[in-house]
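Report on the following structure.
The values are calculated or read from the model by the stated rules, or taken from the named source; none is laboratory data. As the structure is a prediction and not an experimental result, all values here were calculated from the model. Reconstructed Cβ throughout: ideal geometry from the backbone, glycine too, with neighbour counts over all protein chains shown.
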Amino acid sequence: MNPAEELKQLFPDSVVSVGFQIKKPLAIIKKEDLLNVAKKVKEMGFDNLSVITGIDYRDRFEVVYNFFSYTKKQNLVLKVILDHNNPEVSSLASIWKVADWLERETYDLVGITFGGHPNLKRILLPDGWIGHPLRKDYDMNVDQFVTVGEDGEDIVSTDGTNLLRR
Amino acid sequence: MLFLAMWTGDIMFANAYELIVFILNFIGIYEPINNIFKTLGIEYVLRIIIVFVEIAVLFVFALLTIMFLTWMERKVVAMVQARYGPMVTGPRGLLQPVMDGVKLIGKEDIIPAKADRWVFTLAPFLVFIPALLIFIPLPFGESLIISDLNVGLLYIIAISAVSPIAILLAGWASNNKYSLMGAMRAVAQDISYTIPLALSAIAIVLFTGSLSTVDIVTAQNGTWFGFIPKWFIFLQPLGFILFLIASIAEMGRIPFDFQESEQELVAGFFTEYSGMKFAMFFLAEYAHLFSVSAIVVTLFLGGWSFPYISLLPAALVPLVSLGVFLVKTYAVIFFAMWLRDTVPRVRIDQLLNLGWKIMIPLALLNLLVTGFLLTVGVF
Amino acid sequence: MKTDELLINMGPVHPSTHGVLRFKLTMDGEIIKKCEIVMGYLHRGTEKLGEMKTYMQFVPYTDRLDYISAFPNNYAYVKAVEELAGIEVPLRAEYIRVLTLELNRIVNHLVMLGSLLLDLGASTMIMYGFRERENALALFDMLCGARMTFNYIKPGGVREDMPEGFIPKLNEFINDMDKRIDDYEQLISGNEIFMGRMKGIGVMSAQDAINYGMTGPSLRGHGVNYDIRKLEPYSVYPDLDFKVCVRNEGDSFARYMVRIDEMRESLHILRQVVDAMPPAKPASLAKYGIAPMTGVPTAVSTYFPRIFTPPPGEVYSRIEAPKGELGFYIVSDGTIKPYRIKIRSPSFCNLTAIPKMVEGLMIPDLIAAFGTIDVVLGDVDR
Amino acid sequence: MEKGGFRVDPLTIDTTKIKFTKKQPVTALDKLNDTGLISTVLAAREREGLILFSTIDQIFNWARLSSLWPVTSGLACCAIEMMATAMAHHDVARFGMEIFRASPRQADLMFVAGTVTKRMAPRVKKLYEMMPDPKWVISVGSCANTGGPYIESYCVLKGVDLIIPVDVYIPGCPPRPEAWIYGIIQLREKIKNQGYGAKWGLNK
Amino acid sequence: MAWITKNWGMVGIIKGLIVTMKHILRVGNRPTVTVQYPYQKMKVSPRFRGLHAVDEDACIGCGICEVNCPNGTIQIVKHKTRWYPQVNIGMCLFCGLCVDVCPMNAMKMTGNYELADYTRESLVYGPDRLLFNKEVKQ
């Protein structure tokens, strides 16, 4: 029995469906129950959270968690489906420390909010950047410029006259 | 007549001034010139002129040495690292340091807006001038010494204690965190390494009974059993190692280059300096390298003396001894460069631990044992 | 006595941050109280660009992620695409791929050793490291015509077959490398100052290291016996004999030693690859200009259509890159362009451990620990 | 396209404006020899003004071109090739350039080696402003020249010459170390032909 | 005693000094490796991807290279009477995709890497600088 089916047995209500993502067991979880399931997943020995991917499907968001277990040598994929208007899901940063930055990155680029995250702010782009670039409706034609303030922090503006020559 | 006397006899001069006077006498122009000044009633002017000539020669020598050292440093690094080093500018890149100097003269001199203007300008001079002042009591060869101070060793240690103050001034005046940290580190390092340096030098003084550098060198003349030179390195091996480590720390070179430590503090206390002021720090660093190596040679490696040097004709001795001295000094400098290219930098707390917990007790022990053995009469 | 905390900004342009990274350090004297990492100074939007390029056009962009070891990036992406579309690859191509991967692992570790020692203040090791790297790059140049950004591994195979005289040069390199690694060990490993700087610095338990998402050689220095090449074997690794290099101390020195061991192990793998390399088929069409994209199958690539549309689906595929687990998450919607590409970069996840690791240490220790984590900023910021 | 103040949009460059400058020395070796001491000083004859002053100028120019100290500021991929250029096989130290100063105050030359992102751009500009005159900039690689591979990206500056003046462009992605040295030789050629006041705004 | 030799015996440093001394003396296959570039040139592999070259007769100006270029480096422009690619090497990736896809094998990449220039405009290589003629060459 693969770990996704195990989860289905343990949380019959939370797991919407199980399947495979090219050989890797996949379980789709209700977004409210993610934290509970994740705790169990950690107990099951999935100590490595490989990657968190946020995908914008125009009508919905999906967040995909890829796990790996060093002890059992198994893979597990969890997937959460979110509304397009209010993409919010609970944070896993308390369970896997690496989730801290991975979630910040997902927040930064895709714009998914992680409830309960200790320090949810932009990580790759400067604070104040308009829009989330990996959303499909991101406007690529807006030029945004960054200048440095007195304290060394970035200030974002669409006006580049201070920066550009002439 | 005099020439013959010099050729065969063993006329020694106290310092270079006397040597110059002797040479002028020998040519036969000293008396006439002196008479002219005497009739004018200003005979001290000639003295001043000669002293100025001496200093000018020393200054030019020091600058040439520094330039040669920068070139040598780059070439030694290149040799270690399987490449060529400077090649294009001049033959084998020999003009490279000159061109660096000319370029730095032509650079804009930036004083940061938040810096303390006067202290910022003063600090490079305070670093550069003491670095040259150390050259004064160095015995470059027999009779080739500017001034044979009877407190020579004390003078050297005292003068080299000026540079921490200047470094602190430079670091503080720059108004930059890296500069300040670099300066603090440099001062902590200088203070903790001057003590073992002085202590292991005092062990030498116990042998000679004099602080004069000339006396220290003459005490190392001669040989044991006809082939082992009477250098203090053989009497004081521990003292030599301690002194060498402490002097590398004094020079501020890898593994102890906390003043600069590029990967940690960008450029240490001279991060904000540009143009000629930066060049002064650069020059002072290499002047230090030379003078400290020269002191190592003077104290432990016999200075200009060499077994059977007294067999040479007396007229040649100043020249030969100068050569011997330079060869020894460059050997020590080469060792410092070679070490620099091999080892990483130690950490600042390890450095202080090494200085206070290991080197100072060892230096004291060395002093104690030396004193005891001298009293018992082993040496 | 009341002391103030000192705030130091290290970077973004600082000699020892390996590019453009910024540490915001809260210092108590020389001791680091708190370390905050600010990144994104090299964020180039590769993932967004991936959505705008075709599958084939994105291969050159993967070169520029981790620019020191570009072959593993190429391969990780290509492996994901191949898994997605179910493409079979000729055996010779797989062997060539493994050859390049292992050669690149050596190059990566050489650069890492050099820059680590440069950060510690010893300028010579980087010269020796780059000297050998240059020899390896000559091989890369010979193989694919570029020194750093190769664009060589393609979906369906590799771009061109090996040129004449490549294997003898490779053998020369392998034999030379053995002695060089001995030299490095003699120069560095036993050095008291080096050990004093590295031993007991940046210690982390294996549990913590896993929790912080560390992978690759950095994790193996913490005593975790793990290697994707063994756990989820890909390419021809199952046929090759090699061992996983593990050290148990979990400090900077252990992480450094793992790298040295891995270079030896990679040489061992390279020797086997050279021996087991399948012969080129006669009548190979792999002459210059006829490459996978023209759609003609050669000895080193299968048929690959010019307009390539994989079936809709999602895949997460990962490999053991020199820095750790490198994975590509690709979502395809059946068009010629990927719908979403997510790059799981090893440097990014390894870097999460740094703030925890350096608390209570000093700036020089931060540099030592950071050097052994082996981070490339192109990989962190993407 | 004037949006955002872009001077040149690399995608739509007017090809009619392209001019080819005839250079007397053609190969790299010729160019290097052309920047030797004697030929640099003799170039004073071709300059306007008093021969004495222009000779002194040329001596200064030669000092400048033969001791260019770069500032350590690698940005991306090209920084690795910058390191390779400084290393044993190519050894930029032959031109007296191995002194990579970490502090821009002591540097003469900046290699913009790699992608200049929007976030990095003000820092690069500040670094340039911190350097003392006379100073030069070499833009290396496609990213720094025009934005290169990332020209369509939302957070990459489309060429570093939008923020700081660039003296020499070295194409390549990344350029070989030899190409790098060729760029340095081109810069030497440029420094050789420039007046003392040219950088300081005194004459011309 | 073991502790002293381990920590302060400096055996490791002396070993390191021996290695660097071997390099200084160039003992045992540790030669100077520098290739003095303008004087000597390193051999560039025949596959090296440098400046482009377009076969004047073979090129049909189809524009496949323009379509396949990842970032729009190549543009097809009119030269004399026919259409040829123009390459802005200031933004080229040197990835070689244009060479791979050329149906007529007209696009080549030469080993020329000496491309540094003073202006951004001069990095745009039009057909007049890219074209070569096979017959003339032979």
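Numbers at a glance
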item	result
Tabulated pairs, the stretch B:41-57, first over 12 Å from residue B:17 (Cβ atoms), second surrounded by 13 or more Cβ atoms within 10 Å (Cβ to Cβ), C-beta under 8 angstrom, 6+ apart or interchain	B:43/B:34; B:43/B:37; B:45/B:37
Residue list for the stretch D:101-132, restricted to those being touching a Gly at 6+ places or on another chain (Cβ under 9 Å), closer than 22 Å to residue B:270 by Cβ and either surrounded by fewer than 24 Cβ atoms within 10 Å (Cβ to Cβ) or of a type in the set (Val, Ile, Thr) (or both)	D:132
Any hit, the stretch D:85-101, residues being small (Gly, Ala, Ser) and in contact with a strand residue (DSSP E or B) (Cβ under 7 Å, 6 or more places away or on another chain)	no
Residue B:186 within 28 Å of residue C:7 (Cα to Cα), small (Gly, Ala, Ser), surrounded by 22 or more Cβ atoms within 10 Å (Cβ to Cβ) and touching a Pro at 6+ places or on another chain (Cβ under 8 Å)	yes
Residue A:154 vs. criteria free of Cβ contacts under 8 Å to residues at least 60 places away in the same chain, charged (D, E, K, R) and surrounded by 13 or more Cβ atoms within 10 Å (Cβ to Cβ)	yes
The lone exception for residue E:19 - which of (1) assigned to a loop (DSSP other than H, G, I, E, B); (2) farther than 19 Å from residue D:170 by Cα; (3) within 12 Å of chain C (Cβ to nearest Cβ); (4) in contact with an Asp or Glu (Cβ under 8 Å, 6 or more places away or on another chain) it fails	(1)
Wholly within the stretch A:81-166, strands (runs of 3 or more DSSP E) carrying at least 2 residues that are under 27 Å from residue C:12 (Cα atoms) and touching a strand residue (DSSP E or B) at 6+ places or on another chain (Cβ under 7 Å)	A:145-148, A:154-157
Residues of the stretch B:319-329 classified as buried (at least 19 other Cβ atoms within 10 Å of the Cβ) and not β-branched (Val, Ile, Thr), total	3
Residues located in the stretch B:366-379, provided they are surrounded by 12 or more Cβ atoms within 10 Å (Cβ to Cβ) and either outside any helix (DSSP H, G or I) or free of Cβ contacts under 8 Å to residues at least 60 places away in the same chain (or both)	B:369, B:373
Residue in the stretch A:21-32 that is within 14 Å of chain C (Cβ to nearest Cβ) and in a helix (DSSP H, G or I) present	no
Residue ID - farthest from the chain's Cα centre (by Cα), chosen from residues in the stretch A:145-160 that are under 14 Å from residue D:157 (Cα atoms) and at the interface with chain D (Cβ under 7 Å from one of its Cβ atoms)	A:160
Test: residue in the stretch B:68-76 that is within 14 Å of chain C (Cβ to nearest Cβ), closer than 30 Å to residue C:180 by Cβ, in contact with a helix residue (DSSP H, G or I) (Cβ under 7 Å, 6 or more places away or on another chain) and hydrophobic (A, V, I, L, M, F, W, C)	yes
Top-ranked residue of the stretch B:205-214 - restricted to ones that are under 18 Å from the mean Cα position of the chain (by Cα) and in a helix (DSSP H, G or I), ranked as nearest to residue B:361 (Cα to Cα)	B:213
Residue in the stretch C:96-112 that is closer than 20 Å to residue E:101 by Cβ and assigned to a helix (DSSP H, G or I) present	no
Residue in the stretch A:151-162 that is in the same structural domain as residue A:26 (by TED's automatic domain parsing) and farther than 20 Å from residue C:44 by Cα present	no
Among the residues listed as A:49, A:76, A:7, the single one being assigned by TED's automatic domain parsing to the domain that holds residue A:105, surrounded by 16 or more Cβ atoms within 10 Å (Cβ to Cβ), part of a helix (DSSP H, G or I) and not charged (D, E, K, R)	A:7
Restricting the stretch C:173-203 to residues that are buried (at least 19 other Cβ atoms within 10 Å of the Cβ) and assigned to a loop (DSSP other than H, G, I, E, B), the residue that is nearest to the other protein chains (Cβ to nearest Cβ)	C:191
Complete set of residues in the stretch C:315-354 that are touching a residue at least 24 places away in the same chain (Cβ under 8 Å) and among the charged types (D, E, K, R)	C:318, C:320, C:323, C:325, C:337, C:340, C:342, C:344
Some residue of the stretch D:117-131 being under 30 Å from residue A:157 (Cα atoms), among the polar types (S, T, N, Q), at pLDDT 85 or above and in contact with a helix residue (DSSP H, G or I) (Cβ under 6 Å, 6 or more places away or on another chain)	no
Some residue of the stretch C:70-85 being more than 8 Å from every other protein chain (Cβ to nearest Cβ), at positive phi and surrounded by fewer than 21 Cβ atoms within 10 Å (Cβ to Cβ)	no
Single unsatisfied condition, residue B:114 versus (1) in contact (Cβ under 8 Å) with a residue 40 or more places away in the chain; (2) in contact with a Lys or Arg (Cβ under 8 Å, 6 or more places away or on another chain); (3) charged (D, E, K, R)	(2)
Scope the stretch D:118-161; condition away from chain B (no Cβ under 14 Å), closer than 23 Å to residue D:105 by Cα and touching a residue at least 60 places away in the same chain (Cβ under 8 Å); matching residues	D:140, D:144, D:161
Every residue from the stretch E:88-135 that is in contact (Cβ under 8 Å) with a residue 60 or more places away in the chain, polar (S, T, N, Q) and under 20 Å from residue E:62 (Cα atoms)	E:133
Hey, residue D:40 surrounded by 13 or more Cβ atoms within 10 Å (Cβ to Cβ) and modelled with pLDDT of 70 or more or not	yes
Subset of the stretch A:105-148 [surrounded by fewer than 21 Cβ atoms within 10 Å (Cβ to Cβ) and in contact with a His (Cβ under 9 Å, 6 or more places away or on another chain)]	A:111, A:138
One residue from B:249, B:188, B:219, B:183 being farther than 23 Å from residue B:362 by Cβ and within 14 Å of chain C (Cβ to nearest Cβ)	B:183
Residue within the stretch B:67-87 that is more than 30 Å from residue D:34 (Cα to Cα) and in a helix (DSSP H, G or I) present	yes
Residue tally, condition in a loop (DSSP other than H, G, I, E, B), surrounded by 16 or more Cβ atoms within 10 Å (Cβ to Cβ) and over 20 Å from the mean Cα position of the chain (by Cα), over the stretch B:117-175	1
